[in-house]
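S.K.: I have a structure here, written as structure tokens, and I will follow up with some questions on it.
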């Protein structure tokens, strides 16, 4: 009964999204407040219904209800509880249900917390979000129903893909989806603005927290996915330019560009057309990613289902939403008024530069991801576009962008002074140059690019600090006043600085881990020791072990420096019994920000095993930097100024302004 | 019934989310709606002031920004003044109400009836496993015992219970393992040893392997009067090509046999087969007692099909791995019995190729073939 109720709530949610997509829009076009007022409660109700459906599916997984086809295909009664739960979204149907859940979740958030929005904008935004939700719930019900039942339930399920049986799966998809799908709401805002013809600075401000929210989660989701691939796939790499990774990276690049162009629109009412186009593109790229992953065009760990009917359906949705939104854009964009003017060297100019490079980088990734697919489809030729292509296209685009990052926030609006800006960054520049020289001294001249990369990373980090320092004017006003000013800085200023600092941290991690990594691949017998980067890695032997639903060969390694034991690692090779599928569990020793990474390969008959050992200096900074970036985004989102809307009592606002001005 | 009540409640709550906002009065909301963008621009103005005071922008820039934002503020103000008051018209509201009261339930329930399986109960695994035994299928019972044995692998009694069930489900290998566990935990018993041997024999398509044979021998040693282990040992002798010993074994068995026993017919058949036309010294693989017994219960076509399967299996094996002269003879004879003369001739030709360098064996095959009329 519970399963069937879950099925019904999903159907009911579908019908309700149809109401959500029509009634408020009708209300907005006919200026009827009551019809528009339907949007928020309906969006919240839709969310609750989909949530019930999702919880029902989760209950079916937890109780191993094998009368549900989806549970049979993706669960196993011996699976640990956490993987029973995370298995709900570890398959095509369940993950699409999560997709839809997040879609309606964002609508509900706008319904609940969008009180500062004009009624018509909110109503139409929710209506557009309703179209997207209806499209995807229909997709679920028509081609990938998670509630399909079987009459003769078997006693055991087929188990979850073992690579996905990891704590990573519990975290990565929800984070990624919140980001990915979160951009749907900026898309809806953009379409609503085009329909209502209200594209102005206020619009940019209203959209900003939603863009930030999606962007933060997407950043975390991508970082999490990268770390997961790093420790689970056993290759020691953290980014593979895999089409599926690119599918999530493209919306990130476009979304980052959107964040920055929206600032210009908010402050100067310039770049309106461009910002709206970016909002459409960002979500289109999310949709494209979903299509690539779900249609079976790509085969990877993410391609749960390869069903042509689903591919065609998603392609149809894709064409409808992207084509429809671009047509609307073409029709309405010409009506937009010219916004504020600015000189090339100005804050706006810097942000345009940022957008130029980010979109070019996004285009490079797009070409590298889609060209092989198109070539395969058109000419039947299979080529693989790997890291070299991306390193040659994406890399060079990032260098000027990174050089420019610290300049942006210190340039003034409208007409900037590059010389004055550079003066503010002298200290950062000096620090970066010092780091370049230090790295050369440390590593010698054999690697020319790496020290420059380190310098670039330090430049970005120091630039972020310098921006805060100059804003506060520590040097001229003294520490006491300076500290007060520091506290009084708007959170969005802090957000910018923290996010830029995080970017520098990530770049530093990427440069050092790629350039200074040390690697050994050895066949080791019990008792053998390998020396790497000052660590003595001793193989003590391997033994079989049984897990709940797998068997594994666990190697035991002792790590010493100068004869002193500092750690013991147990990397393993697992075979998941239900699917007879092997996986690798790497052994990782973290020291400071660096890691020693051990991965076992084939065992030779006589107790010897192939072992890959890597020393990856500062590699954790890659992910720490991402977390810092996301934190910066969160800070910016918490900015008091973004929450205004309902007019505050004048006295309180004046007090707040006075405090900020202190 | 409860199900439909819950569905009605859910639909009702969903409809309320449409009806309640429709029924609210207009005045409650119109205040402060359009001032949303004015609030944004006022806030921007105060931000400009604070940046100016902070010294981040000079007086000129502050003034320019103030003018720009002020213009936007005025525009927003004008827009609000010029806007209609957002009054509702009865017709629209009524349409939306009908949609909520009628369209929503009809569409949702209708679509659900097409897609869903109303009335199908949930079947959590724990509930299925804990249901009273008489309501459960054999499969579920097996799963239950398996789960129990996974937790308590030292329960010999449990293994002995599940072993014959496995065999009857056709999982001979699992059955043999279960018997082996029971024997290991609870000590040797004649019937278990015998059944284990039988399971192993079935698992090997009727061939009494060394393991099975040793099980039967142990069983026979435990209880010399037991028939079943000796029956299989006699088959084993026949399969090993010890025809004389096999014949002796069958004769001993049949001597003390109760004529009405089920196995007697099969034993006689084996004996007749051994006496009749088997050349000595060649290993044989025959059908097992069960298969023979089964074939007697079958309809004529089924029996024919089973025999054909066996013949095809033999032909395949001989073609791929070769075999003894006796096996080739057996194949040729089988084809003749089935009335497939062409195939018999082909098999003879193949045998001639296979035994080209061994005239003795070849003459045996040829003799047999000529006896059959080839």
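The values are calculated or read from the model by the stated rules, or taken from the named source; none is laboratory data. Here the structure is a predicted model, which means the values were calculated and not measured. Here the Cβ is made from the backbone with ideal geometry for all residues, glycine too, and neighbour counts use every protein chain on show.
S.K.: Looking at residue A:592 and the list (1) without any contact (Cβ under 8 Å) to a residue 40 or more places away in the chain; (2) out of contact with any helix residue (DSSP H, G or I) (no Cβ under 9 Å at 6 or more places or on another chain), which single condition is not satisfied?
M.R.: (2)
Every residue, every condition in (1) surrounded by fewer than 19 Cβ atoms within 10 Å (Cβ to Cβ); (2) within 14 Å of chain B (Cβ to nearest Cβ), yes or no:
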| site | (1), (2) |
| --- | --- |
| A:160 | no, no |
| A:171 | yes, no |
| A:198 | yes, yes |
| A:201 | no, yes |
| A:216 | no, no |
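S.K.: Moving to a separate point now. Among what's in segment B:14-37 and is at pLDDT 80 or above and more than 7 Å from chain A (Cβ to nearest Cβ), pick the residue that is surrounded by the fewest Cβ atoms within 10 Å (Cβ to Cβ).
M.R.: Applying the filter and picking the extreme gives B:23.
S.K.: Which numbered condition in (1) closer than 20 Å to residue B:107 by Cβ; (2) over 30 Å from the mean Cα position of the chain (by Cα); (3) surrounded by fewer than 24 Cβ atoms within 10 Å (Cβ to Cβ) is the only one that residue A:19 fails?
M.R.: Among (1) closer than 20 Å to residue B:107 by Cβ; (2) over 30 Å from the mean Cα position of the chain (by Cα); (3) surrounded by fewer than 24 Cβ atoms within 10 Å (Cβ to Cβ), the lone unmet condition for residue A:19 is (3).
S.K.: From the list A:41, A:24, which residue is facing chain B (nearest Cβ under 8 Å) and out of contact with any strand residue (DSSP E or B) (no Cβ under 8 Å at 6 or more places or on another chain)?
M.R.: Only one candidate passes the filter, namely A:41.
S.K.: Would a scan of segment A:440-450 turn up a residue that is crowded, with 19+ Cβ neighbours inside 10 Å, in a helix (DSSP H, G or I) and modelled with pLDDT under 85?
M.R.: Within segment A:440-450, not a single residue is crowded, with 19+ Cβ neighbours inside 10 Å, in a helix (DSSP H, G or I) and modelled with pLDDT under 85.
Every residue, every condition in (1) in a helix (DSSP H, G or I); (2) within 23 Å of residue A:2 (Cα to Cα), yes or no:
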site	(1), (2)
A:96	yes, yes
A:107	yes, no
A:110	yes, no
A:125	yes, no
A:142	yes, yes
A:146	no, yes
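S.K.: Determine whether residue A:50 is farther than 24 Å from residue A:116 by Cβ, in contact (Cβ under 8 Å) with a residue 24 or more places away in the chain, out of contact with any strand residue (DSSP E or B) (no Cβ under 9 Å at 6 or more places or on another chain) and facing another protein chain (nearest Cβ under 9 Å).
M.R.: No: the conditions fail for residue A:50.
S.K.: Would you be able to say whether some residue in segment A:517-525 is part of a loop (DSSP other than H, G, I, E, B) and in contact with a helix residue (DSSP H, G or I) (Cβ under 6 Å, 6 or more places away or on another chain)?
M.R.: So far as segment A:517-525 goes, no, none of its residues is part of a loop (DSSP other than H, G, I, E, B) and in contact with a helix residue (DSSP H, G or I) (Cβ under 6 Å, 6 or more places away or on another chain).
S.K.: Any residue in segment A:361-379 that is touching a residue at least 40 places away in the same chain (Cβ under 8 Å), out of contact with any helix residue (DSSP H, G or I) (no Cβ under 7 Å at 6 or more places or on another chain) and either outside any helix (DSSP H, G or I) or within 30 Å of residue A:419 (Cα to Cα) (or both)?
M.R.: So far as segment A:361-379 goes, no, none of its residues is touching a residue at least 40 places away in the same chain (Cβ under 8 Å), out of contact with any helix residue (DSSP H, G or I) (no Cβ under 7 Å at 6 or more places or on another chain) and either outside any helix (DSSP H, G or I) or within 30 Å of residue A:419 (Cα to Cα) (or both).
S.K.: I'd like to verify a number: residues in segment A:592-634 that are part of a strand (DSSP E or B) and either buried (at least 22 other Cβ atoms within 10 Å of the Cβ) or at pLDDT 85 or above (or both), how many?
M.R.: Number of matching residues: 15.
S.K.: With respect to the numbered conditions (1) within 30 Å of residue A:65 (Cα to Cα); (2) surrounded by 18 or more Cβ atoms within 10 Å (Cβ to Cβ); (3) at pLDDT below 85, which one is the sole condition not fulfilled by residue B:126?
M.R.: (2)
S.K.: Give the residues of segment A:1-13 that are at the interface with another protein chain (Cβ under 7 Å from one of its Cβ atoms), out of contact with any strand residue (DSSP E or B) (no Cβ under 7 Å at 6 or more places or on another chain) and touching a residue at least 40 places away in the same chain (Cβ under 8 Å), sorted by residue number.
M.R.: Hits for segment A:1-13 are A:2, A:4, A:5, A:7, A:9, A:11.
S.K.: Then there is this: Name the residues in segment A:67-80 that are more than 13 Å from every other protein chain (Cβ to nearest Cβ) and surrounded by fewer than 24 Cβ atoms within 10 Å (Cβ to Cβ), would you?
M.R.: Selection gives A:73, A:80.
S.K.: Being within 13 Å of chain A (Cβ to nearest Cβ) and either modelled with pLDDT of 80 or more or over 24 Å from residue B:182 (Cα atoms) (or both), is that true of even one residue in segment B:154-170?
M.R.: The answer is no, given that none of the residues of segment B:154-170 is within 13 Å of chain A (Cβ to nearest Cβ) and either modelled with pLDDT of 80 or more or over 24 Å from residue B:182 (Cα atoms) (or both).
S.K.: Next up: Could you tell me whether residue A:262 is within 14 Å of chain B (Cβ to nearest Cβ), in a helix (DSSP H, G or I) and in contact with a helix residue (DSSP H, G or I) (Cβ under 7 Å, 6 or more places away or on another chain)?
M.R.: Yes, satisfied.
S.K.: Regarding residue A:85, is this residue out of contact with any helix residue (DSSP H, G or I) (no Cβ under 9 Å at 6 or more places or on another chain), assigned to a helix (DSSP H, G or I) and at pLDDT below 90?
M.R.: no
S.K.: Is it the case, given these coordinates, that residue B:254 is closer than 28 Å to residue B:268 by Cβ, in contact (Cβ under 8 Å) with a residue 12 or more places away in the chain and surrounded by fewer than 19 Cβ atoms within 10 Å (Cβ to Cβ)?
M.R.: Criteria met by residue B:254.
S.K.: Confirm whether residue A:409 is exposed (fewer than 14 other Cβ atoms within 10 Å of the Cβ) and assigned to a helix (DSSP H, G or I).
M.R.: So residue A:409 does not fit the description; no.
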